[in-house]
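Working notes, structure below.
The values are calculated or read from the model by the stated rules, or taken from the named source; none is laboratory data. If you're wondering where the values come from, they're calculated on a predicted model, not measured in any experiment. No Cβ is skipped: glycine too gets one built from the backbone with ideal geometry, and neighbour counts run over all protein chains shown.
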Amino acid sequence: MSDKTQKTRREDELTTYFRAAVIVTLLLLILSKNAHAYLDPGAGSMFLQGLFAAFFAVLAYMGIFRRRLKSWWRHFIAKQKE
């Protein structure tokens, strides 16, 4: 088999697994009953901590992306001047 055929086959398998996971998750959410669960005050702070972590992770990624874009732009301008 060629590499392209293997890659396409692997992508098809991953798509099938992803669809199955989404269907199972939706079924669990739809068919579940009320849990009557208790959320302690620490749950809110954990949620906020997760939000802050996600926010700063996005900022860090944007900084890395910005540096790469700036480097590419400088390289592009230098080539245009030559």
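Overview of results
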| read-out | value |
| --- | --- |
| Number of the exception - VAL24 against (1) exposed (fewer than 10 other Cβ atoms within 10 Å of the Cβ); (2) part of a helix (DSSP H, G or I) | (1) |
| Residue count, the range 26-82 (criterion: of a type in the set (D, E, K, R) and modelled with pLDDT under 85) | 5 |
